[in-house]
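One structure is given here, and the rest of the page talks about it.
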Amino acid sequence: MVSVIIPAAGQGRRMQAHHNKVFLMLAKEPILVHTLRQFAEVEDVGECIVVVGKGEEKETFELLKSASSVHSLPDCRIVTGGEERQDSVWNGLQVVSPDADIVLVHDAARPLVTPAIIGRVIRAARRTGGAVAAVPVKDTIKVAGDDGNVASTPDRSTLWAVQTPQGFQKDLLVRANEQAIADGFRGTDDASLVERLGMPVELSLGSYENIKITTPGDLIIAESFWKARQEADDIRVPEGRGLRA
Ligand code: CTP
Ligand code: MG
């Protein structure tokens, strides 16, 4: 069984919304609800743990209760987050079911993830032990030197921009977090904790649309992606429909 931890306990400072951005509306629905709906479509996902800020637990419970009367959502537990994302994931890990073999971590702030991306990460994590959704970078990346000048230009063909979901065998993710805590290591994603154990992490194809809503402009971009997706769904004729008079 796959358990998914959804870190949603940030403060959305770069969004400048003065409120946790995961509750902001995207196409008439809170970002968090969009995100959870995608996981409801993946059969392997048997458990969902939403990690929210201290004091946001009740609001989240009410939100998910009312959203689940309209949409299919996974069964979610609500857990209180920590200071940094890594602390929030750790808090979520504490309540993962003993039945889970794979744990996915997915940012609540990436509502444009799809069941196909989630499915690929699950399969890759089962195969390799760890996997991350990622896309080849489109820009040329420079490494800056201390003097503010370019120090080097890495070969772009080897560079990938990493997203979530990130998926791991449960015991590996627990061990990686325990080691990071023991060493005082802070990573910017979950995979970096696993990488420091010397364990392999597979790059699994994500999508350029699977953006993290970080700054106000990202919400506008996400709205257009969402609208385009809806329009594509509207013109797709379901099998058999419209064939009979
Ligand atoms: N997150 C979390 N706990 C924290 C910090 C972040 O669960 N202490 C979550 C966010 O809610 C988000 C994801 O981690 O879904 C990615 O973080 P980010 O995009 O940085 O969100 P915020 O921390 O909310 O934004 P900012 O850094 O601009 O304040
Ligand atoms: Mg943050």
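Taken over segment 187-200, the residue count meeting the criterion of being in contact with a helix residue (DSSP H, G or I) (Cβ under 6 Å, 6 or more places away or on another chain), open to solvent by less than 40 Å² (accessible area, probe 1.4 Å) and either small (Gly, Ala, Ser) or assigned to a loop (DSSP other than H, G, I, E, B) (or both) is 1. In this structure, is Ile211 assigned to a loop (DSSP other than H, G, I, E, B) and open to solvent by less than 60 Å² (accessible area, probe 1.4 Å)? It is true that Ile211 is assigned to a loop (DSSP other than H, G, I, E, B) and open to solvent by less than 60 Å² (accessible area, probe 1.4 Å). Taking residues in segment 153-167 that are farther than 16 Å from Lys142 by Cβ, and partners anywhere that are open to solvent by 40 Å² or more (accessible area, probe 1.4 Å) and assigned to a strand (DSSP E or B), the pairs with Cβ atoms closer than 7 Å and at least 6 places apart or on different chains are Trp160/Pro136; Trp160/Leu203. Taking segment 1-37, which residues are open to solvent by less than 30 Å² (accessible area, probe 1.4 Å), more than 10 Å from ligand 1 (Cβ to nearest atom) and aliphatic (A, V, I, L, M)? Correct list: Val2, Val4, Leu26, Val33, Leu36. Go through (1) within 16 Å of Pro7 (Cα to Cα); (2) open to solvent by less than 20 Å² (accessible area, probe 1.4 Å); (3) small (Gly, Ala, Ser) for Ala67 and report which single condition fails. Result: Ala67 passes all but (1). Going by what's in this entry, would Ala40 be described as open to solvent by 20 Å² or more (accessible area, probe 1.4 Å), of a type outside the set (Val, Ile, Thr) and free of Cβ contacts under 8 Å to residues at least 40 places away in the same chain? Yes, satisfied. Close Cβ contacts (under 7 Å, 6 or more residues apart or on different chains) running from residues in segment 110-123 that are at pLDDT 95 or above to residues that are assigned to a helix (DSSP H, G or I) and open to solvent by less than 10 Å² (accessible area, probe 1.4 Å) comprise Arg110/Thr35; Pro111/Ile31; Pro111/His34; Pro111/Thr35; Pro111/Ala222; Leu112/Ala222; Val113/Thr35; Ile118/Phe39. When Val79, Val95 are checked against the criterion of being in contact (Cβ under 8 Å) with a residue 24 or more places away in the chain, more than 15 Å from ligand 2 (Cβ to nearest atom), aliphatic (A, V, I, L, M) and out of contact with any helix residue (DSSP H, G or I) (no Cβ under 7 Å at 6 or more places or on another chain), a single residue qualifies: Val95. Anything in segment 66-118 that is in a loop (DSSP other than H, G, I, E, B), within 12 Å of the chain's Cα centre (by Cα) and not acidic (Asp, Glu)? List them, or say none. His106, Ala108, Ala109, Arg110, Pro111, Leu112, Val113, Thr114, listed by residue number. Looking across segment 1-44 at every residue that is assigned to a loop (DSSP other than H, G, I, E, B) and aliphatic (A, V, I, L, M), the one that is farthest from ligand 2 (Cβ to nearest atom) is identified as Met1.
The values are calculated or read from the model by the stated rules, or taken from the named source; none is laboratory data. Since the model is a prediction, treat every value here as computed from it, not as a measurement. Using ideal geometry, Cβ is built from the backbone for each residue, glycine included, and neighbour counts are taken over all protein chains shown. Accessible surface is based on the protein model in full, side chains and every heavy atom, while ligands, DNA and RNA are left aside. Shrake-Rupley method; radii C 1.70, N 1.55, O 1.52, S 1.80 Å.
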